[in-house]
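Peer 1: Just dropping this structure here.
The values are calculated or read from the model by the stated rules, or taken from the named source; none is laboratory data. Quick caveat, the model's predicted, so the values are computed rather than measured. Virtual Cβ from ideal backbone geometry, glycine too; neighbours counted across all protein chains shown. The area values use the complete protein model at the heavy-atom level, side chains included, leaving out ligands, DNA and RNA. Shrake-Rupley method; radii C 1.70, N 1.55, O 1.52, S 1.80 Å.
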Amino acid sequence: MAELIAFLIENFQDFADCPTGGDLGNILEEVGFGESEIRKILTLIDVLNEEKHLHTGRQSENGLRAYWPQETERLPAEVRGLLHSLEQAGALDAGQREFVINALMFLPADEITADTAKVMTLLVLWAQNAELPVLVGDELMAALHGKATMH
């Protein structure tokens, strides 16, 4: 999934310029991505296009996110900590964090890692044309190429 998201971000600088549906599916198939990956990313892009309530403003600066038992079971402490850190650094707002959490919950448990959370975060921020603090952005982008170190 990271390679596919990296391809999208690198080839379509603006989310609005990214084709949707069958057109995007055909492009990704021609490049060599698998049917399962294509289906997942098309679903995520459709949801991002529909989620107009997500925005880049801070929603609850002082709020504490309590995780449901199912989320605690599936999301490793490292992922939960990363999301908290990104929110504290101003890279994610509460709505964006919730989208990332929901997207991760639909992945197989063995695929849910800190790097996967970083890649999902990049997807959400790319879709919203959000600006990132430089150091945080560099670390998130490193996850696309397997060189991430932020935890």
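Peer 1: For the subset of region 58-76 comprising residues that are at pLDDT 80 or above and assigned to a loop (DSSP other than H, G, I, E, B), which member is farthest from residue 110 (Cα to Cα)? Give the steps one after another, and end with the answer.
Peer 2: Going through region 58-76, the residues at pLDDT 80 or above turn out to be 64-76.
Now narrow it down to the ones that are assigned to a loop (DSSP other than H, G, I, E, B): 64-68, 75-76.
On the way: 64: 27, 65: 23, 66: 23, 67: 19, 68: 19, 75: 10, 76: 10 Å.
So the residue we want is 64.
Peer 1: Cβ-Cβ below 9 Å, separation at least six or inter-chain, first residue in region 26-47 and within 29 Å of residue 95 (Cβ to Cβ) and open to solvent by 30 Å² or more (accessible area, probe 1.4 Å), second hydroxyl-bearing (Ser, Thr, Tyr) and outside any helix (DSSP H, G or I): which pairs?
Peer 2: 42/20; 46/20
Peer 1: Restricting to region 84-113, name every residue that is assigned to a loop (DSSP other than H, G, I, E, B) and over 20 Å from residue 43 (Cα atoms).
Peer 2: Step one: of region 84-113, the residues assigned to a loop (DSSP other than H, G, I, E, B) are 89-93, 106-108, 112-113.
Once the filter is applied, which keeps residues that are assigned to a loop (DSSP other than H, G, I, E, B) and over 20 Å from residue 43 (Cα atoms), region 84-113 yields 89, 90, 91, 92, 93, 113.
Peer 1: Condition check: under 14 Å from residue 126 (Cα atoms), open to solvent by 20 Å² or more (accessible area, probe 1.4 Å) and among the small types (Gly, Ala, Ser). Does residue 16 satisfy that?
Peer 2: yes
Peer 1: Going by what's in this entry, would residue 127 be described as at pLDDT 90 or above and hydrophobic (A, V, I, L, M, F, W, C)?
Peer 2: Details: at pLDDT 90 or above: no; hydrophobic (A, V, I, L, M, F, W, C): yes.
Answer is no for this residue.
Peer 1: Also, I was wondering about something else. So which of 69, 76 ends up being open to solvent by 20 Å² or more (accessible area, probe 1.4 Å), within 19 Å of residue 115 (Cβ to Cβ) and of a type outside the set (Lys, Arg)?
Peer 2: From the options 69, 76, the qualifying one is 76.
Peer 1: Here's a follow-up. Go over the candidates 5, 38 one by one and state the one that is within 18 Å of residue 107 (Cβ to Cβ), in a helix (DSSP H, G or I) and either under 14 Å from the mean Cα position of the chain (by Cα) or at pLDDT below 85 (or both).
Peer 2: Going through 5, 38 in turn, just one is within 18 Å of residue 107 (Cβ to Cβ), in a helix (DSSP H, G or I) and either under 14 Å from the mean Cα position of the chain (by Cα) or at pLDDT below 85 (or both): 5.
Peer 1: If you check residue 81 against the conditions, is it in a helix (DSSP H, G or I) and either out of contact with any Lys or Arg (no Cβ under 6 Å at 6 or more places or on another chain) or basic (Lys, Arg) (or both)? Don't jump to the end; show me each part of the working.
Peer 2: Working: in a helix (DSSP H, G or I): yes; either out of contact with any Lys or Arg (no Cβ under 6 Å at 6 or more places or on another chain) or basic (Lys, Arg) (or both): yes.
In short, yes.
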